[in-house]
Amino acid sequence: MRKILKYSLVGAIILIQSLMFEVGADKLAKLRTTKKIVPVNEISAPYFAVQILALKKAPQSSSFFKNIDQANEYECADGYVRYTVGSFSSAAQARAEISRVKGLGYSECFVVDIRSYNLNGSSGTGSGGFRPDGNTVYTIQLAAYRYPVYVSEFEGLDDVMEFYLSDRIYRYTVGEYVGEEAVNELSRVKGEGYPQAHLVPIEKYRPYQIE
């Protein structure tokens, strides 16, 4: 009888641990790796979009995004995570999409100018007229997540590096480049399907690399 109770207790503990793991797991990780949700680390044109959600924590149900093709994810300095759909060159174009987006089930959506978003960790550079410092070694940041993902998820890229910084965010980068090579490689990586990729000085991340 004692043996039965002992095994029952062990089984209960394992079940509780499994449930706790499920609760803590990032339910949106798969949507990010398949680019249904695209984390945005830098504000760039076009600047108008339709905001569908703003929460203190990312939603833990992927079903919220089932009716859309892709959403952009912004981690903002005010503690909110914001999600938008569409990219428009004017507020008028974005307003023309409101009825359609509401019809998908996002009744509280509204037009937003993403330049009003103050992002966390927006110290990198994306492109534009950026001129790299010839004495600085850069790496190309691909994504930043609250939870780790397999580096194999970054299709078309080899030797992806993983970093876990003091802000408890996992960041994924590729390569080490100097000068114009950094800008050229950034353009190539964006063309591989990573439009939000940007350059960061590798020395900023190196102490936090996960081997």
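The values are calculated or read from the model by the stated rules, or taken from the named source; none is laboratory data. The shown structure was predicted, so the numbers you read here are calculated from the model rather than taken from an experiment. FYI the Cβ positions are ideal-geometry reconstructions off the backbone, even for glycines, and counts take in every protein chain you see.
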Worksheet item: Restricting attention to segment 169-187, and to residues there that are of a type in the set (A, V, I, L, M) and in a strand (DSSP E or B), which single residue is farthest from R32 (Cα to Cα)?
Response: V178
Fill in: Hits in segment 158-196 (condition: among the aliphatic types (A, V, I, L, M), surrounded by fewer than 20 Cβ atoms within 10 Å (Cβ to Cβ) and at pLDDT 90 or above)
V160, V178
Discussion item. Just the residues that are among the hydroxyl-bearing types (S, T, Y) and either in contact with a His (Cβ under 8 Å, 6 or more places away or on another chain) or part of a helix (DSSP H, G or I) (or both), please, taken from segment 79-113.
Written reply: S99
Practice prompt. Could you grab me the full set of residues in segment 72-96 that are closer than 19 Å to S107 by Cα and aliphatic (A, V, I, L, M)?
Written response: V81, V85, A91, A92, A94, A96
Response to the item:
Within segment 56-66, restricting to residues that are surrounded by fewer than 13 Cβ atoms within 10 Å (Cβ to Cβ) and over 15 Å from the mean Cα position of the chain (by Cα), the one that is farthest from R95 (Cα to Cα) is S61
Worksheet item: Quick check, is L53 surrounded by 14 or more Cβ atoms within 10 Å (Cβ to Cβ), free of Cβ contacts under 8 Å to residues at least 40 places away in the same chain and not in a loop (DSSP other than H, G, I, E, B)?
Response: no
Practice prompt. State whether the residues of segment 72-81 include one that is of a type in the set (D, E), at pLDDT 80 or above and loosely packed, with under 14 Cβ neighbours inside 10 Å.
Written response: no
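Of everything in segment 17-44 that's part of a loop (DSSP other than H, G, I, E, B) and of a type in the set (A, V, I, L, M, F, W, C), which residue is modelled with the highest pLDDT? Let's see the steps before the verdict.
Step one: filter segment 17-44 for residues part of a loop (DSSP other than H, G, I, E, B), giving 25-28, 34-36, 40-44.
Right, trim to of a type in the set (A, V, I, L, M, F, W, C) and you get 25, 28, 40, 43.
Values: A25: 48, L28: 77, V40: 88, I43: 80.
Residue satisfying both the conditions and the ranking: V40.
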Practice prompt. Determine whether segment 202-210 contains at least one residue that is hydrophobic (A, V, I, L, M, F, W, C), farther than 30 Å from K66 by Cα and in a strand (DSSP E or B).
Written response: yes
Item to complete: Check whether at least one residue in segment 99-119 is touching an Asp or Glu at 6+ places or on another chain (Cβ under 9 Å), over 18 Å from A29 (Cα atoms), surrounded by fewer than 19 Cβ atoms within 10 Å (Cβ to Cβ) and modelled with pLDDT under 85, and report yes or no.
Response: yes
Worksheet item: From the set of residues in segment 134-153 that are aromatic (F, W, Y) and at pLDDT 90 or above, which is surrounded by the fewest Cβ atoms within 10 Å (Cβ to Cβ)?
Response: Y150
